[in-house]
Amino acid sequence: MNGLSKGMGKVEVALRWDPSPAGEPPTDLDLVAGTYPAGDPYGTPVYVVHFDSRSPDGTIYLNRDSRDGKGFGFDEVMTLELERLDARYARVVVGAAIQQHTEERTFRDVVSPGLRIREGYTDLAADDFAGVPAATAATVAEFVRDEAGAWEFRAGVHGFDGDPAMFTRMMGAARRP
């Protein structure tokens, strides 16, 4: 990155999926974002944004929330205004979690899942969760502030198997090779 670059600005993370087959309970995917302080970027998130919430300063919020995938195009959309995020935050991790209702569901059970991450009209990443078929949740994006204060995007879908509440506590932990 050159000295004139401001890094990432306003980013949109979007999920899509098709409704469950007739007679089956609806499938509900949720976007989740955790912010981490500069002093402990792999520790406990300062706050977590998920359905029915937004960041305290309004920089991370859900534009669209679907409980069944019956929308047109992308069903769940989250906006991150990284350029407005306070300097005390050094890292933001975004994940996708499958709501677990009557029986455990994994990404292989979701009909036609998809992910798109974009800044403006530029697609930064796209995925179909095929690399994590047995996962109940996955981290889908990581945004890290560099020494100059600019935000960098780190792509990658990393699966997680467990309770969605546990996922929100673990999603920002350092990954082991």
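The values are calculated or read from the model by the stated rules, or taken from the named source; none is laboratory data. Predicted, not measured: the structure shown is a model, and the values here were computed from it. Glycine also receives a Cβ, built like all others from the backbone with ideal geometry; neighbour counts cover every protein chain displayed. Note: accessible area is taken over every heavy atom of the protein model, side chains too, but ligands, DNA and RNA are not part of it. Shrake-Rupley method; radii C 1.70, N 1.55, O 1.52, S 1.80 Å.
Across the range 144-165, the qualifying residues are those that are modelled with pLDDT under 90 and open to solvent by less than 80 Å² (accessible area, probe 1.4 Å), and the one among them that is farthest from residue 9 (Cα to Cα) is 162.
Among the numbered conditions (1) closer than 30 Å to residue 40 by Cβ; (2) open to solvent by 10 Å² or more (accessible area, probe 1.4 Å); (3) within 18 Å of the chain's Cα centre (by Cα), the only one that residue 80 does not meet is (2).
Set side by side, the residues 111, 32 differ, and just one is among the β-branched types (Val, Ile, Thr), loosely packed, with under 15 Cβ neighbours inside 10 Å and either assigned to a loop (DSSP other than H, G, I, E, B) or within 17 Å of the chain's Cα centre (by Cα) (or both), which is 111. Tell me, which residue of the range 45-59 that is part of a loop (DSSP other than H, G, I, E, B), touching a Phe, Trp or Tyr at 6+ places or on another chain (Cβ under 9 Å) and open to solvent by 40 Å² or more (accessible area, probe 1.4 Å) is modelled with the highest pLDDT? Ranking the candidates gives 46 first.
Inspection of the range 117-133 finds a residue satisfying the criterion of being under 14 Å from residue 33 (Cβ atoms), open to solvent by less than 50 Å² (accessible area, probe 1.4 Å) and modelled with pLDDT of 90 or more. The residue of the range 60-73 that is modelled with the highest pLDDT, among those that are under 14 Å from the mean Cα position of the chain (by Cα) and hydrophobic (A, V, I, L, M, F, W, C), is 60.
Scanning the range 31-61 for residues that are of a type in the set (Phe, Trp, Tyr) and either touching an Asp or Glu at 6+ places or on another chain (Cβ under 9 Å) or without any contact (Cβ under 8 Å) to a residue 60 or more places away in the chain (or both) returns 47, 51, 61. Figure legend. Inter-residue proximity from the range 5-30: first residues at positive phi, second residues open to solvent by 20 Å² or more (accessible area, probe 1.4 Å) and of a type outside the set (Phe, Trp, Tyr), beta-carbon distance below 9 Å, spacing 6+ or different chains. Indicated pairs: 7/1; 7/83; 7/145; 7/146; 7/148; 7/149; 7/152. One residue alone among 37, 19 is of a type outside the set (Phe, Trp, Tyr), modelled with pLDDT of 90 or more and over 14 Å from the mean Cα position of the chain (by Cα), and that residue is 37. Say whether the condition of being in contact (Cβ under 8 Å) with a residue 60 or more places away in the chain and farther than 23 Å from residue 51 by Cα is met by at least one residue in the range 80-97. Looking through the range 80-97, at least one residue is in contact (Cβ under 8 Å) with a residue 60 or more places away in the chain and farther than 23 Å from residue 51 by Cα. Looking across the range 10-25, just one residue is part of a loop (DSSP other than H, G, I, E, B) and open to solvent by less than 20 Å² (accessible area, probe 1.4 Å), and that is 17.
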